[in-house]
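Here the structure is laid out as C-alpha cells; the discussion comes afterwards.
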Amino acid sequence: MSTIHDLGYQRYVGTRRTAATRWRVIVRNQLSIAWKTWWRYKAVLALAVIVTFVAGGFMYLASDQRVRAFGRAGIPQMMKEVAIPVALQWYCRIAFLLSLTLSAGVVATDMQSGAFTFYFARSIRPVDYVIGKLAGMVLLVATITLAGPVLLAALRIGLSGDDTESLADALPVLLKVFAIGGLATLVYAAVPLGFSALVPNRRYALALWAAYYLVVGAMAIGIGYATSHSLGALQLPSAIEAVTLRLFDVEILHGLDAKVPLSAGLISIGAHVVVAIGLVGWRVRAAQQSGVGGAT
Amino acid sequence: MSSAVVSVERCSKWYGNVLGVSDISWELKGGIVGLLGPNGAGKSTLIKMMAGLLRPSRGTLTVFGKQPFEEVAVRARLGYAPEHEKTWDELTARELVTVMARLAGVPGDRAAAAAETALVEMGMANAIDRRVKGFSKGMRQRTKLATAIAHDPELLLLDEPLTGVDPVARVDIIERIKKLAAAGKTVVVSSHVLYEIEALTSEIVVIYRGQVLAEGNVYEIRKLIDRHPHRIRVECDQPRAIAAVLATADHVARLVFERNAVLIETRDPDRCYDAIAGAVLDGNIGVTAMTSPDNNLGAVFEYLTGGAR
C-alpha cells in the first residue's frame, strides 16, 4: 500500500506535552503576536525606555556633586526622591496605551475571529486559556510597569553612596517599586483583559475599556471630591497613586489623588482584578459551552 | 466497547429554537467518509460535535469511546480543520502550524519539525515562511489541513476543505487527503458538492435538515439523485434546432424556450449531454454557453424527500 510514509512523511511518535502545561503555549503565542508589529508593543516599550532614561537622567544629575553644589538647597534631593513616583505615573499611562493596542482586544479578537476553535478543538480547557492569556499579558505589561521601576530603583541604590547607612536607606525603594509595579502590572494586565471578554468585538471592547478608564474614572474622582474621597479609588490611576504616594511619602506630590485612602486604593485594585479575571473565566467558559464557532 | 472510531447515538443539537441535527444515529469504523448535504444541513454541527466543540443537546456521541466535549484528552487524537478561514494572519505558515502543534501537545523542540513536515506534505513548501495574510484561498485551505495533521492525529475532521479552491488545487488536495487515509487515518470530509465527495470516497452520509437521509455507497445515492429531472440551459443561435433533435428523446421531460436559449429537463443527463453535442455538431450551431441550474443539492434533496420534510 502506498502511504505518505513512503513519501517521506514521518509520523510524530515522541512524547506529548501534558494538557496542564499547555497554557505556556498560549503565553508564548501571545508574546510572539505582540512582537510581530511595531505599533502593538514595540512602540509602547520604546516609550517606557524613554521614561526610564529621562527619570534615570534626573536621578543621576541629582546625585552629581556639581549639580548639588549649584542647585538650590534641597532641590537635587527632591528630584531624586520624586523621580521614581513620577516615573511610575508615566509607566501607568504607557501601560494604558498598551491596553489600547493589545490587552483590551485580546479575548474579543479571539471570539471575533473564531480562534477559540483552534484552542478548544485541542486538549485545551477554558482555564488553560484564561491562565495563558493572563500570564501573557502580565509578562508584557510587567516590562512596562515593573521592569522600568526596578531599573530606576537599582539606579537609585547604586547612586546612594558607598556607606552602609545610605545603602540601607535606599534598599526599601526596591521593595516599594516591586509592590507598586506588581499591583500596576496586575491592574493593566487583568482589567483590560476583562473588558476584552465583555463583547465579542475588538473595537467595542476597546471603546468600553477606554470609556471606563477615562470617563467613569473622571466621574468617580469628581463625585469622590464632592462626597467621599474613597470613591476616587474607582479611578484606577488614582488607586495606584494612592499606594505610591503612601509608600514613597513625597510631600510635594500630595494633591487631589493623595486624598484617596490607601485602604480604598488597595480594595479597588483587588476588586477590579478579581472581577476582571472572573469575567474572563465566565465568558470564555460560556463561549466554549455554547459552541465556539457559531451555528453552522 | 464498540470498535467504532465515531459512534453517534440518537444525537440532537439545538441552538436555542433552531435545530442543528436531529436524532442522528451513525457509526464510523474507518477510511474516508463524506458528509454530503446542502448548506445549513447540519454537517458542520455534526463535525463540531465530533471535534468536541459542541455538546450534544440529547443523545451520546463518542470518539474512540470517549465523549470529546467532556474528555479533553481524546482531542489529542483528532485533527480538525474548521470551515472558516480566519487564522492568526500575522504569523507565517510555519509559525501558525507550529503553534497549533504545540497546542496539541507536541513539545516545543519537535513542533517546528512536525509543522514543516505537515506543510510540505500539504504542498506548501514554497510558502512555508510567508505570512498567512497574503495567502490565496487554496493556500489557506492547505495551511488549515497542515494544522490538522501536524500532531499526527488518528481521526481527521475536515469541514468543507475544498471550498473556494481552484480546480488544479482541488485535485491536488483530494490526492493528499486520500494519501492521509491510505496512511491509516480515518477521515471525515464534509461538502455540499457531490462530485467533490465522489472524487474522495465512495462512502457517503447524506444529511439534510439535520437528519441522515441516506448512507452507504455513493453510486447508489447517485442513481437516486440522477432520477431527479436535471435541467440544462443551452444558450445558442438556433435553440429550436437543438429542441427539434431532443423533442423525441425519451429521457427529455420538458423543453422551455427562452431568448436565444433553450432549457431542457432530462432524467438522464449523460445521454442528454451526448444528444446536445450531436445536435450542435450536425447542425453547425453556435453555442455561447451551457449551464446547469441544478447544482443545488437542496433542490435535489427536496425532490428525494418528496418536498414533504
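Tell me which strands (runs of 3 or more DSSP E) are completely within region B:161-234 and hold 2 or more residues being open to solvent by 60 Å² or more (accessible area, probe 1.4 Å), or say none if there are none.
The qualifying strands (runs of 3 or more DSSP E) are B:211-217.
Quick one: how many residues across region A:19-49 are part of a loop (DSSP other than H, G, I, E, B) and not β-branched (Val, Ile, Thr)?
Result for region A:19-49: 1.
Taking region B:45-86, which residues are part of a loop (DSSP other than H, G, I, E, B), open to solvent by less than 10 Å² (accessible area, probe 1.4 Å) and farther than 18 Å from B:PRO161 by Cβ?
Step one: filter region B:45-86 for residues part of a loop (DSSP other than H, G, I, E, B), giving B:52-57, B:64-65, B:67-71, B:82-86.
Narrowing further to those that are open to solvent by less than 10 Å² (accessible area, probe 1.4 Å): B:52-54, B:68, B:82.
Within region B:45-86, B:GLY52, B:LEU54, B:PRO68 meet the criteria.
For region B:46-60, which residues satisfy the criterion of being within 21 Å of A:ALA286 (Cβ to Cβ) and touching a Pro at 6+ places or on another chain (Cβ under 9 Å)?
If we filter region B:46-60 for residues that are within 21 Å of A:ALA286 (Cβ to Cβ), which is where we start, we get B:48-49, B:51-58.
Passing the criteria: B:LYS48, B:MET49, B:ALA51, B:GLY52, B:LEU53.
Which count do you get for residues in region A:164-197 that are touching a helix residue (DSSP H, G or I) at 6+ places or on another chain (Cβ under 6 Å) and closer than 30 Å to A:ALA108 by Cβ?
Adding up the residues that qualify gives 17.
Taking only pairs six or more apart or across chains, which ones have beta-carbon atoms under 8 Å, a first residue in region B:159-171 that is within 22 Å of B:GLY79 (Cβ to Cβ), and a second residue that is open to solvent by less than 50 Å² (accessible area, probe 1.4 Å) and part of a loop (DSSP other than H, G, I, E, B)?
Matching pairs, first to second residue: B:ASP159/B:PRO82; B:LEU162/B:VAL193; B:ARG170/B:LEU162.
Every residue, every condition in (1) on the phi < 0 side of the Ramachandran plot; (2) within 14 Å of chain B (Cβ to nearest Cβ); (3) modelled with pLDDT of 90 or more, yes or no:
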{"residue": "A:VAL51", "(1), (2), (3)": "yes, no, yes"}
{"residue": "A:ARG66", "(1), (2), (3)": "yes, no, no"}
{"residue": "A:ALA73", "(1), (2), (3)": "yes, no, no"}
{"residue": "A:ALA87", "(1), (2), (3)": "yes, no, yes"}
{"residue": "A:LEU102", "(1), (2), (3)": "yes, yes, yes"}
{"residue": "A:VAL107", "(1), (2), (3)": "yes, no, yes"}
{"residue": "A:SER113", "(1), (2), (3)": "yes, yes, no"}
{"residue": "A:ARG122", "(1), (2), (3)": "yes, yes, no"}
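Of all residues in region A:209-252, which are of a type in the set (Ser, Thr, Tyr) and at pLDDT 90 or above?
A:TYR212, A:TYR213, A:SER238, A:THR244
As an exercise: evaluate B:ALA249 against (1) under 28 Å from B:TYR80 (Cα atoms); (2) open to solvent by 20 Å² or more (accessible area, probe 1.4 Å); (3) of a type in the set (Gly, Ala, Ser); (4) not in a helix (DSSP H, G or I) and give the number of the one condition it does not meet.
With (1) under 28 Å from B:TYR80 (Cα atoms); (2) open to solvent by 20 Å² or more (accessible area, probe 1.4 Å); (3) of a type in the set (Gly, Ala, Ser); (4) not in a helix (DSSP H, G or I) applied to B:ALA249, the lone miss is (1).
Would you confirm whether or not region A:109-118 contains a residue that is open to solvent by 20 Å² or more (accessible area, probe 1.4 Å) and small (Gly, Ala, Ser)?
Yes, region A:109-118 contains a residue that is open to solvent by 20 Å² or more (accessible area, probe 1.4 Å) and small (Gly, Ala, Ser).
Inspect all residues belonging to region B:87-108 and state whether any of them is assigned to a loop (DSSP other than H, G, I, E, B), at pLDDT below 90 and of a type in the set (D, E, K, R).
Yes, that holds for at least one residue.
The values are calculated or read from the model by the stated rules, or taken from the named source; none is laboratory data. Note that the structure is predicted; figures quoted are calculated from it, not measured. Virtual Cβ from ideal backbone geometry, glycine too; neighbours counted across all protein chains shown. Note: accessible area is taken over every heavy atom of the protein model, side chains too, but ligands, DNA and RNA are not part of it. Shrake-Rupley method; radii C 1.70, N 1.55, O 1.52, S 1.80 Å.
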